[in-house]
1. Just checking, how many residues over the stretch 103-127 are under 19 Å from residue 192 (Cβ atoms) and either of a type in the set (D, E, K, R) or within 15 Å of the ligand (Cβ to nearest atom) (or both)?
2. Would you please name the residue that is most open to solvent (accessible area, probe 1.4 Å), looking only at residues in the stretch 80-94 that are part of a loop (DSSP other than H, G, I, E, B) and among the aliphatic types (A, V, I, L, M)?
3. Could you tell me how many of the residues in the stretch 36-53 are open to solvent by 20 Å² or more (accessible area, probe 1.4 Å), without any contact (Cβ under 8 Å) to a residue 40 or more places away in the chain and within 10 Å of the ligand (Cβ to nearest atom)?
4. Considering only residues that are part of a loop (DSSP other than H, G, I, E, B) and open to solvent by 40 Å² or more (accessible area, probe 1.4 Å), which ones fall in the stretch 277-309?
5. Of the conditions (1) among the hydroxyl-bearing types (Ser, Thr, Tyr); (2) buried (at least 23 other Cβ atoms within 10 Å of the Cβ); (3) not in a helix (DSSP H, G or I), residue 174 satisfies every one except a single condition; which number is it?
6. Counting just the residues of the stretch 146-164 that are among the aliphatic types (A, V, I, L, M) and away from the ligand (no atom under 12 Å from the Cβ), which one comes out nearest to residue 205 (Cα to Cα)?
7. Out of curiosity, is residue 130 part of a helix (DSSP H, G or I) and either farther than 19 Å from residue 202 by Cα or more than 16 Å from the ligand (Cβ to nearest atom) (or both)?
8. Hey, among 222, 228, which residue is of a type outside the set (A, V, I, L, M, F, W, C) and away from the ligand (no atom under 15 Å from the Cβ)?
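The values are calculated or read from the model by the stated rules, or taken from the named source; none is laboratory data. The model shown is predicted, which means the values in this text are computed figures rather than measured ones. Neighbour counts are summed over all protein chains in view; Cβ atoms, including those assigned to glycine, are modelled from backbone coordinates with ideal geometry. The area values use the complete protein model at the heavy-atom level, side chains included, leaving out ligands, DNA and RNA. Shrake-Rupley method; radii C 1.70, N 1.55, O 1.52, S 1.80 Å.
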Amino acid sequence: MTTDTTGTVARDGESRPGGPADSPFIRACRRRPGPHTPVWFMRQAGRSLPEYREIRATVPMLESCRRPDLVTEITLQPVRRHGVDAAILFSDIVVPVAAAGIDLDIVPGTGPVVAEPIRAAADVQRIRQITRDDVSYVDEAVRQLVAELGDTPLIGFAGAPFTLASYLVEGGPSRTHAKTKALMYGDPELWHALCGRLAEVTLAFLRVQIDAGVSAVQLFDSWAGALSEADYRRFVLPHSTAVLSGLVDAGVPRIHFGVGTAELLGAMGEAGADVVGVDWRTPLDVATGRIGPDKAVQGNLDPTVLLAPWSVVEAEVRRILEQGKAAPGHVFNLGHGVLPETDPEVLTRVVALVHELSSRRADQG
Ligand code: CP3
C-alpha cells in the first residue's frame, strides 16, 4: 500500500473513499462491486463533438496533441458533456513514435502517414528510446488533467507493438496489412527487433503517463485481429507481454483492446491485462468464457448502432448489460471508436441509460 503526504492511500486500489481509485470505473477494472456499471467511449473526444471541431478547425492533429492546454480542454469535453465515468487522454498512438524520431503526420480523413516506412534493420535504428523530456507535453497535460478531474479517473494509453508496426511498415493505414505480414513471415529476426524496440518506446511512454498520475492504461492493439492465434502467439504476444508485464508494479489497471479478436481474447488476456476489451462481434458472456474468470471485460456496443433509432440503441444496451453480468467486472464501452457522424446527444443518453439500468441500490443486495 502506498501513502502520499496527505495520508491518503493512492493507486493500489485500496483507495481513499471518493478518489479516482475508488471510482466505479476502477472498481469494475479490479472486479470489485460498485454503485453502477461504469461507461466511457473509445474516441469520446473527437469529431462527434462540435466543441472539438471548433478547436481543431485551426490546429493540426499532432500539434493539438503537443499543446497541454488543448489536450486538457479536449479531454475534458466529453466528461462535461456526457458524464462518462472516465476521461481518456487526448493524444494518438503515433505520438510517441514521432517523439522517437520518426517523421510522420496524421492526415485528416486518412490517419497516420509515415514519410519513410520501416523496411530494413537500419530503419529500426531510427526509432530512438524516448524519455520524459521527449514527451514533456504529455506529462504536463496529465498533471493538469488529474488536478481538474478530481474523482473522475483519467485513462492513459498507447498503441501496442503490432498496430504501431503496421503503420510504420505500411507507411499508412492498410486494409490487409500485407507489407507488415510479409516482413513478419519473411524476416522474423527483423520483425522481432522492430517490435522489441516499439515495446520499449511504448513502455516508456506509458510510464510517463503513470508517473504523472493516470489511474489506468489501455494498450490498443487495434489491428491484431488480422492474425491467427498461432501467429499472434509467436509474433506479437511476447512484445505486448513485455509492455503489460513491465507495468505490473505500477499499481494501475491495464486494459488490452483489439478489433476482430474473437480468436485472440484468451491470448490477449494472457499478455498481462486486468481488463480485456471486446469488439461487437463476440457477446460478452462468450468472451468471458474465453478470457477466464480472473479478468474484467470492456465493451461492446457496435458504434454503428448509435446511428439507429433510439429503441434499437436501448435494446442493445440492455442486452450488453445482461451479457456483461457473466463477467467478474464490466466496463461499458463501444466495440470500437465513436464514429464522427454520431449524434452526441445519443451518447449522453447511453451514459444515463447504462447508469440507470445498472444502478445497484443498497436494498437490492
Ligand atoms: O477519445 C479518445 O479515445 C482519445 C483519443 C484517441 C485518438 N486516437 C485521437 C484521434 C485515441 C485513443 C487514439 C488511438 C488511435 N489512433 C488508434 C487506436 C484506437 C483505434 O481507433 O483503433 C489508432 C489505430 C490510431 C491511428 C489513427 N489516428 C487513425 C486510424 C485516425 C483516424 C483517421 C481519420 O481521420 O478518420 C487517427 C486520427 C485521430 N486520432 C483523430 C482523433 C480524434 C481524428 C483526427 C481529426 O479530428 O481529424
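1. First, pick out the residues of the stretch 103-127 that are under 19 Å from residue 192 (Cβ atoms): 117-127.
With the extra rule that they be either of a type in the set (D, E, K, R) or within 15 Å of the ligand (Cβ to nearest atom) (or both), the set shrinks to 119, 123, 126.
Result for the stretch 103-127: 3.
2. Taking the candidates together, the pick is 93.
3. Total meeting the criteria: 1.
4. Filtering the stretch 277-309 for residues part of a loop (DSSP other than H, G, I, E, B) gives 278-283, 292-295, 302, 308-309.
Across the stretch 277-309, the qualifying residues are 280, 281, 283, 293, 294, 309.
5. (2)
6. Among those residues, the one meeting the criterion is 146.
7. no
8. Numbers: 222 fails: away from the ligand (no atom under 15 Å from the Cβ).
The match here is 228.
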